[in-house]
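Structure first, then comments.
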Amino acid sequence: MNFEAIKVIYSAEMARTRRTLLQSVVSPVISTSLYFIVFGTAIGSRIDDIGGVSYGAFITPGLIMLTLLTQCISNGSFGIYFPKFTGTIYEVLSAPIALTEILIGYVGAAATKGLIVGTIILATATFFVDISIAHPFMMILFFVLTAVTFSLFGFMIGVWARDFEQLNLIPMLVVPPLTFLGGSFYSIDMLPPFWQTVSHFNPVLYLVSGFRWSFFQIADVNPMVSLVMVSGFLAVCLATLAWMFRTGYKLKN
């Protein structure tokens, strides 16, 4: 394993975050804080507790997951697409670096950025609502698994995208509906039976439900099932990227 190569790629990606601090960190934190103010305080004060938890606290795990997966997809996709756009990807591919090392460098940086923003939002949430973490280990496990999985998913989008329009197609048109229909702001028990069934085909439901269980021990889906589903999505992303690298799909041609 060429750790020096991984370090170079990782450091370069993290340096880009420092140059765009307002866009990468400050902007998502401010946006999420507005969610807490509007939904958690203004609207939440008029909504009954859900499972014995105040509405403001109930939506906190969902808001953290919403920001985490959005940031990881964005960072993961742009991290690999920009070298493709500028043509510097060929220098990386021709260097004596294994494809797994390239993947670890880019995805590791994207996941780190997402985890940093998610941690800041978790700390910010304490200023607006009272939250407690019942299962810290499971919280960290879901936190890290989600960051890595959706950074891999973003990397796939970056490899697949032909232009900036395609780069933003899935994050803008697919991810928001999945997020808002994944129980971020409500329990799916509130939905009609048909839509409850549909929600179980939404991967976001499992990560939000499992993450929320680690805080309040309430969940729409058994936390072990959520863990298996998130791990399965991670395996699918790894298998797809292995095929992309093996065939050189939109990387070597």
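Inspect all residues belonging to region 208-218 and state whether any of them is crowded, with 22+ Cβ neighbours inside 10 Å, at pLDDT 90 or above and closer than 17 Å to GLN71 by Cβ. There is at least one residue in region 208-218 that is crowded, with 22+ Cβ neighbours inside 10 Å, at pLDDT 90 or above and closer than 17 Å to GLN71 by Cβ. Considering (1) farther than 23 Å from GLY52 by Cα; (2) buried (at least 18 other Cβ atoms within 10 Å of the Cβ); (3) hydroxyl-bearing (Ser, Thr, Tyr), the lone condition that THR197 does not fulfil carries the number (2). The set of residues in region 177-194 that are within 18 Å of the chain's Cα centre (by Cα) and either over 14 Å from LEU69 (Cβ atoms) or surrounded by 13 or more Cβ atoms within 10 Å (Cβ to Cβ) (or both) comprises LEU178, THR179, PHE180, LEU181, GLY182, GLY183, SER184, PHE185.
Within region 1-13, residues that are in a helix (DSSP H, G or I) sit with their Cβ atoms under 9 Å from residues that are modelled with pLDDT under 85 and exposed (fewer than 12 other Cβ atoms within 10 Å of the Cβ), at 6+ positions apart or across chains, in these pairs: ALA5/PRO96.
Scanning region 118-149 for residues that are within 13 Å of the chain's Cα centre (by Cα) and of a type in the set (Gly, Ala, Ser) yields GLY118, ALA147.
Here is a yes/no grid of residues against (1) among the small types (Gly, Ala, Ser); (2) touching a helix residue (DSSP H, G or I) at 6+ places or on another chain (Cβ under 7 Å):
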{"site": "PHE185", "(1), (2)": "no, yes"}
{"site": "MET190", "(1), (2)": "no, no"}
{"site": "ASN202", "(1), (2)": "no, yes"}
{"site": "TYR206", "(1), (2)": "no, yes"}
{"site": "SER214", "(1), (2)": "yes, yes"}
{"site": "LEU234", "(1), (2)": "no, yes"}
{"site": "ALA242", "(1), (2)": "yes, no"}
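Looking across LEU167, LEU173, LEU152, LEU238, one residue alone is crowded, with 19+ Cβ neighbours inside 10 Å, under 25 Å from PHE85 (Cα atoms) and over 15 Å from the mean Cα position of the chain (by Cα). It is LEU167.
What are the residues in region 213-253 that are touching a Phe, Trp or Tyr at 6+ places or on another chain (Cβ under 8 Å), under 20 Å from LEU145 (Cβ atoms) and either without any contact (Cβ under 8 Å) to a residue 24 or more places away in the chain or of a type in the set (Asp, Glu) (or both), if any? Residues satisfying the conditions are ALA219, VAL221, VAL225.
Only residues that are β-branched (Val, Ile, Thr), assigned to a helix (DSSP H, G or I) and farther than 19 Å from LYS250 by Cβ were counted in region 55-103, giving 4. Taken together, the residues in region 220-233 that are surrounded by 22 or more Cβ atoms within 10 Å (Cβ to Cβ) and within 22 Å of VAL129 (Cβ to Cβ) amount to 1. Among the residues making up region 104-139, those that are in a helix (DSSP H, G or I) and aromatic (Phe, Trp, Tyr) are TYR106, PHE137.
Would you call GLY56 buried (at least 17 other Cβ atoms within 10 Å of the Cβ) and either among the hydroxyl-bearing types (Ser, Thr, Tyr) or closer than 26 Å to ILE188 by Cβ (or both)? Judged against the criteria, GLY56 is a match. Against the definition (small (Gly, Ala, Ser), surrounded by fewer than 20 Cβ atoms within 10 Å (Cβ to Cβ) and in contact (Cβ under 8 Å) with a residue 40 or more places away in the chain), how does GLY108 come out, yes or no? Considered against the rule, which asks whether it is small (Gly, Ala, Ser), surrounded by fewer than 20 Cβ atoms within 10 Å (Cβ to Cβ) and in contact (Cβ under 8 Å) with a residue 40 or more places away in the chain, GLY108 comes out as yes.
The values are calculated or read from the model by the stated rules, or taken from the named source; none is laboratory data. A quick note: this is a predicted structure, and the numbers were derived from the prediction, not measured. When we count neighbours, we look across all protein chains shown, and the Cβ atoms used for this are built from the backbone with ideal geometry, even at glycine.
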